[in-house]
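A.B. asks: My questions will all concern the structure given below.
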Amino acid sequence: MAASGATSLLIALLAAASQAGSWCAIVGMPMLGALAAAEAGIALDRLALVPHPGPEWSTVVAALLDGVDVVVAMPPGPIAASMSSRLAARARQRGSVFVAYGQLPGADVVLNSKHSRWEGLEAGRGRLRRREMTVVARGRGAAAQGRQARFFMPDLAPMNAGWDGDKWRRRDLKRPALTLVSAAPEPEFEKVVGL
Amino acid sequence: VSRTLLVWCPDWPIAAAGIVEGVPTFEPVVVIEANRVIACSAAARDEDIRLGLRRREAQSRCPQLHVIEHDDGRDARAFEPVVAMVEALAPGVEVVRPGVCALAARGPARYFGGEEAAAEHIVEQVAQGCAVEAQVGIAEGVFGAGLAARSGTIVRPGETTAFLTGFDIAAIGRDALVDLLRRLGIRTLGDFAALPAASVLARFGFDASLAHRLAAGLDERPLAVRVPPKDLDVSEVFEEPIERVDAAAFAARALAQRLHDTLAGHGLACTRLGIEALTERGEELHRVWRHDGLLTAAAIADRVRWQLDGWLHHRIGRPTAGIVRLRLVPDGVIAHAGLQLGLWGDVGAQRDRAHRAMTRVQGMLGPDAVVTAVLGGGRDAVDQVRLVPWGDERLPERPDEPPWPGRLPPPAPATVLVDPLPAEVLDATGARVGVTARLAVTGAPATVTIGAEPPVEVVGWTGPWPVDERWWAPAEASRRARFQVTLADDRALLLSLSGMQWSVEAIYD
């Protein structure tokens, strides 16, 4: 979490999985905006939230990994390498994905939002419309060399298309949350992703 | 015509209001429906209040009157224990309406040694068990017994027709017909019964013909006996208190199978399950599990096991002794019409797997710890989201339908602060930025200071989006002006100004 934009990146990641029909769970993030999640395209009826997992968050995560495809957790402190590998093994065995929002030793892929800039706001005019974000992926194995990609989030119509109030009211959820702008190829996600 | 025993609780809507809502029934009380008095207490009657008065008139006759709105559900609910009490003495009770129930007199009369003794027993049982005053009448047929109960009479066998003769014609309870008969000079049930049946049918129709038979004491309708609700609870008492999870799991499986067999035997299934445990030191633990499908034997066993696991391993609020009694109470019982699986089996399996995992976590942390978000109407990111415990019905708090002026346009902030951070917004001259009553901004924001951080320069800003919510309810009212701000360090914030205090509501993270 070097720069801002990490939560949006997380939501965009989940949205891609959720639209493909996966079940998701988010542990220990009481401040996550569910409205933003819905706007990004996450199916809220397949998203479970455990805002306050208490001291035994790893037990909760392990239980969720048994049945849920993608589990996101914000650990309350640094994770010990032993616990990290135990959760990774559990995820690998069950065929699910564990995403830690924070530091995770031994993660297969680490995603970082390096730079993010909002568009649409001037002095006293406009509104926040979209942001340009640079995401850096580092990792092990196939993802070892590190890649960088530029995204627009959310991907809206061009500025001069005007604002469609009806469309907004309908909360058009079909809109893709992420669009790849620059050339670097997307990293392949392995079983464990550290963000 | 069979002898019928009828139990009548006078002024039942009043008594029900007393039981359910704690209204002092010895004071003047009336129950109102469609602005007319439909029941009044004895004290109200002494104040010259009669049925059919308007609310205003009743209040003018007795200023200290308690006025209660009529509620069928309340009357029926309060009557349920009375029926249960009567059923405890004699089976086969028909609830005629809330406040009145009837049963065949033959059984209790033989059992208690006479109709008088049976009537006394029932009145006493109801008075002691429910603290409700009741009167009993016995006659041939429900209609005759109902009139007999008004005066607490036991009509001798074969004398019902003679007993009914003297009653006013209004007792047949059909307003239009009563009015017509009065104008024809027929004032008592006896007069009406004396008319030839064929002529009554030809002149007044079927309903009047039925009333004619009632007036003649020929009430032949058999009692529609209510089937008492089945006792579906299962419980188990353990000689050795359970303290270990594996023992609990074993007990849970057996108990779950028994509950499931009981339910299946009655062709039922339950959607909610109450688990109650009693420990050696008398602590009672209780929790209700909800499920949006039907609970199978394995699902029941899992929930009981997780619950016991949670209770036995909980750090806080852990019982101080082992569990000696376990009871499963099925709730939300419905007829089992088979379980509908998803059209594509795979989706169902995945869903089941996810549900099991969530329910497992609910067992560890409590049912409210796992939630899902439901979107509804509202003006900011907190109001539009309602968190519902997993497995509950997903209903929004407010409808999405009406327009919500002042709602922020998308994209929504990804991080919504639970407790807004205090902030300070200054313009280029160093004065605090404010908003006038006409929503004009007093100066362009130049720097934002969040909490104890150093001030950050503002790159772009827009607003205000005013919100003036629930001004009619002072406790919930909120009046705010909101601004979107981008800062020099690439952050984008949602700021709000309320009562000259700036705060950070959300971060466009």
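The values are calculated or read from the model by the stated rules, or taken from the named source; none is laboratory data. A quick note: this is a predicted structure, and the numbers were derived from the prediction, not measured. Note that each Cβ is placed from the backbone with ideal geometry, even for glycine, and that neighbours are counted across all protein chains shown. Ligands, DNA and RNA are excluded from the accessible area calculation, which covers all protein heavy atoms including side chains. Shrake-Rupley method; radii C 1.70, N 1.55, O 1.52, S 1.80 Å.
A.B. asks: Determine, yes or no, whether B:Leu255 is hydrophobic (A, V, I, L, M, F, W, C) and open to solvent by less than 10 Å² (accessible area, probe 1.4 Å).
C.D. replies: yes
A.B. asks: If a residue must be over 41 Å from the mean Cα position of the chain (by Cα) and open to solvent by 60 Å² or more (accessible area, probe 1.4 Å), how many such residues does the stretch B:200-228 contain?
C.D. replies: 3
A.B. asks: Applying the selection to the stretch B:430-472, what residues are touching a Ser or Thr at 6+ places or on another chain (Cβ under 8 Å) and of a type in the set (Ser, Thr, Tyr)?
C.D. replies: B:Thr436, B:Thr442, listed by residue number.
A.B. asks: Could I ask something else about it? Any residue that is surrounded by fewer than 18 Cβ atoms within 10 Å (Cβ to Cβ), among the basic types (Lys, Arg) and at pLDDT 90 or above - is there at least one of those in the stretch B:172-183?
C.D. replies: Yes: one or more hits.
A.B. asks: Give me the residue from the stretch B:420-435 that is in contact with a Leu (Cβ under 9 Å, 6 or more places away or on another chain) and not in a loop (DSSP other than H, G, I, E, B) and, out of that set, surrounded by the fewest Cβ atoms within 10 Å (Cβ to Cβ).
C.D. replies: Across the stretch B:420-435, the extreme among qualifying residues is B:Arg432.
A.B. asks: For the stretch B:348-357, state whether one or more residues are within 30 Å of B:Glu401 (Cα to Cα), small (Gly, Ala, Ser) and modelled with pLDDT under 70.
C.D. replies: Looking through the stretch B:348-357, none of the residues is within 30 Å of B:Glu401 (Cα to Cα), small (Gly, Ala, Ser) and modelled with pLDDT under 70.
A.B. asks: Next question. Go through (1) within 11 Å of another protein chain (Cβ to nearest Cβ); (2) within 19 Å of A:Thr7 (Cβ to Cβ) for B:Ile450 and report which single condition fails.
C.D. replies: (1)
A.B. asks: What are the pairs, 6+ residues apart or on separate chains, where a residue within the stretch A:28-41 that is more than 7 Å from chain B (Cβ to nearest Cβ) and farther than 19 Å from B:Pro420 by Cα has its Cβ under 8 Å from a residue that is assigned to a helix (DSSP H, G or I) and hydroxyl-bearing (Ser, Thr, Tyr)?
C.D. replies: What qualifies is A:Ala40/A:Ser8; A:Gly41/A:Ser18.
A.B. asks: Within the stretch B:457-467, identify whether any single residue is within 39 Å of the chain's Cα centre (by Cα) and open to solvent by 20 Å² or more (accessible area, probe 1.4 Å), and answer yes or no.
C.D. replies: Checked against the condition, which is being within 39 Å of the chain's Cα centre (by Cα) and open to solvent by 20 Å² or more (accessible area, probe 1.4 Å), the stretch B:457-467 yields at least one hit.
A.B. asks: On to the next question. Take the residues in the stretch B:363-384 that are within 25 Å of the chain's Cα centre (by Cα) and not hydrophobic (A, V, I, L, M, F, W, C); name whichever of them is farthest from A:Val68 (Cα to Cα).
C.D. replies: Ranking the candidates gives B:Gly376 first.
A.B. asks: Okay, moving on. Residues in the stretch B:356-372 that are in contact with a Phe, Trp or Tyr (Cβ under 8 Å, 6 or more places away or on another chain), assigned to a helix (DSSP H, G or I) and either open to solvent by less than 30 Å² (accessible area, probe 1.4 Å) or more than 7 Å from chain A (Cβ to nearest Cβ) (or both): how many?
C.D. replies: Residues that pass the stated criteria total 5.
A.B. asks: Assess whether B:Arg438 counts as being touching an Asp or Glu at 6+ places or on another chain (Cβ under 7 Å), away from chain A (no Cβ under 12 Å) and open to solvent by 100 Å² or more (accessible area, probe 1.4 Å).
C.D. replies: no
A.B. asks: In the stretch A:94-128, how many residues are closer than 17 Å to A:Ala12 by Cα and facing chain B (nearest Cβ under 8 Å)?
C.D. replies: Final tally of qualifying residues: 4.
A.B. asks: While we're here: Give just the number: which of (1) within 10 Å of another protein chain (Cβ to nearest Cβ); (2) part of a helix (DSSP H, G or I) does A:Met83 not satisfy?
C.D. replies: Unmet condition: (1).
A.B. asks: Given the condition within 14 Å of chain A (Cβ to nearest Cβ) and in contact with a strand residue (DSSP E or B) (Cβ under 6 Å, 6 or more places away or on another chain), answer yes or no: does some residue in the stretch B:464-473 qualify?
C.D. replies: yes
A.B. asks: Which condition number in (1) in a helix (DSSP H, G or I); (2) away from chain B (no Cβ under 12 Å); (3) of a type outside the set (Val, Ile, Thr) is the one that A:Asp45 fails?
C.D. replies: (2) is the only condition that A:Asp45 fails.
A.B. asks: Further, regarding this structure: Just for the stretch A:1-27: of the residues that are assigned to a loop (DSSP other than H, G, I, E, B) and polar (S, T, N, Q), which one is nearest to the other protein chains (Cβ to nearest Cβ)?
C.D. replies: Per the stated criteria, the residue is A:Ser4.
A.B. asks: Let me ask something additional. Report, by residue number, each residue of the stretch B:385-419 that is more than 31 Å from the chain's Cα centre (by Cα), more than 9 Å from every other protein chain (Cβ to nearest Cβ) and not in a loop (DSSP other than H, G, I, E, B).
C.D. replies: Within the stretch B:385-419, just B:Asp419 meets the criteria.
A.B. asks: So, B:Val382, is that one within 7 Å of another protein chain (Cβ to nearest Cβ), farther than 21 Å from A:Leu121 by Cα, among the β-branched types (Val, Ile, Thr) and surrounded by 14 or more Cβ atoms within 10 Å (Cβ to Cβ) or not?
C.D. replies: So B:Val382 fails the test.
A.B. asks: Can you pull out the residues in the stretch B:85-131 that are assigned to a loop (DSSP other than H, G, I, E, B) and open to solvent by less than 10 Å² (accessible area, probe 1.4 Å)?
C.D. replies: Those that are assigned to a loop (DSSP other than H, G, I, E, B) and open to solvent by less than 10 Å² (accessible area, probe 1.4 Å): B:Ala90, B:Gly99, B:Ala105.
A.B. asks: Filter the stretch B:385-408 down to the residues that are open to solvent by 80 Å² or more (accessible area, probe 1.4 Å) and hydrophobic (A, V, I, L, M, F, W, C), then identify the one that is farthest from B:Trp465 (Cα to Cα).
C.D. replies: B:Leu395
A.B. asks: Which of the residues belonging to the stretch A:126-142 are open to solvent by less than 30 Å² (accessible area, probe 1.4 Å) and at pLDDT below 80?
C.D. replies: Matches in the stretch A:126-142: A:Gly139 only.
A.B. asks: I'm trying to understand the selection: among the residues of the stretch B:483-506, which are in contact with a Gly (Cβ under 9 Å, 6 or more places away or on another chain), open to solvent by 20 Å² or more (accessible area, probe 1.4 Å) and within 14 Å of chain A (Cβ to nearest Cβ)?
C.D. replies: B:Asp490
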